[in-house]
1. Taking the range 211-221 as the region of interest, how many residues are closer than 18 Å to residue 81 by Cβ and in contact (Cβ under 8 Å) with a residue 60 or more places away in the chain?
2. Residue by residue through the range 175-188, note down the ones that are part of a helix (DSSP H, G or I) and either surrounded by fewer than 17 Cβ atoms within 10 Å (Cβ to Cβ) or outside the structural domain of residue 158 (by TED's automatic domain parsing) (or both).
3. Which members of the range 216-236 meet the condition of being modelled with pLDDT under 90 and surrounded by 18 or more Cβ atoms within 10 Å (Cβ to Cβ)?
4. Evaluate the range 70-80: report whether one residue or more is in a helix (DSSP H, G or I) and under 20 Å from residue 127 (Cα atoms).
5. Please go through the range 189-215 and give me each residue that is surrounded by 15 or more Cβ atoms within 10 Å (Cβ to Cβ) and more than 25 Å from residue 267 (Cα to Cα), ordered by number.
6. Here is a list of conditions, (1) touching a residue at least 24 places away in the same chain (Cβ under 8 Å); (2) outside the structural domain of residue 197 (by TED's automatic domain parsing); (3) assigned to a loop (DSSP other than H, G, I, E, B), and residue 108 meets all of them except one; can you say which number that is?
7. Given the condition over 25 Å from the mean Cα position of the chain (by Cα) and crowded, with 17+ Cβ neighbours inside 10 Å, answer yes or no: does some residue in the range 158-171 qualify?
């Protein structure tokens, strides 16, 4: 069960925010109309800086227009910033608009929603906000995680700056079993790094839990576990890892990795 909301009610505000964000991505006109009716009261409104939309018909047209211009044709997606809070008849949270393929946040908005006794929106106020540095940092870090899971080295490299500060704790002479663990300096080096990793491991690897993400201003830290299968031997291994990313102007400029390299080296060496 989600977090309780409202006096005398049990209301999952996290799920409510997810439903609100999801309606702006809905491609099916019938489902979209039903979703709008489920979210807003019959005479509910949304007020932006430019306009006020009242009633289900106007709100459905508003959502459809935003979907067509920004999601379908514009290639953007909306994401909750994960800061939803609420009490009595009010829920508020932040939404970020980011490229669907991954990239910095290009718009941020604060939603202030006043609900009726049935938990539907009677008044919806939308405020455009300055995009904080941490928003783009989180968006880039999340895109990095998704692209890492997809396994395309070129797509991963697109997230990095032309010049990259590459930080690792590894002897200069390296280890013959893990040639990819060595200094890197450019975006091309980054692509080569992940291409070499892929060459030594079975496609798809092993399922690993979603890493925990911590963000502060331009820095993001990913805490997780590597699970891979060595291509040459079929041997599986797991190693703890922490990755520290610095994001500037929508690109990763610093990549510091702290991993259990001994476990990796032993698995690749067949020890």
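The values are calculated or read from the model by the stated rules, or taken from the named source; none is laboratory data. Not measured: the values here are computed from a predicted model. As a convention, Cβ positions derive from the backbone with ideal geometry for all residues, glycine included, and neighbour counts pool all protein chains shown.
1. Going through the range 211-221 one residue at a time, the tally reaches 7.
2. Of the residues in the range 175-188, the ones part of a helix (DSSP H, G or I) are 187-188.
The one that is part of a helix (DSSP H, G or I) and either surrounded by fewer than 17 Cβ atoms within 10 Å (Cβ to Cβ) or outside the structural domain of residue 158 (by TED's automatic domain parsing) (or both): 188.
3. 226, 228, 230
4. Within the range 70-80 (the criterion being in a helix (DSSP H, G or I) and under 20 Å from residue 127 (Cα atoms)), the answer is yes, since at least one residue qualifies.
5. 213, 215
6. All conditions are met except number (3).
7. no
Here's the yes/no breakdown for (1) without any contact (Cβ under 8 Å) to a residue 12 or more places away in the chain; (2) farther than 19 Å from residue 248 by Cβ:
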position	(1), (2)
100	no, yes
103	no, no
120	no, yes
124	no, yes
136	no, no
149	yes, yes
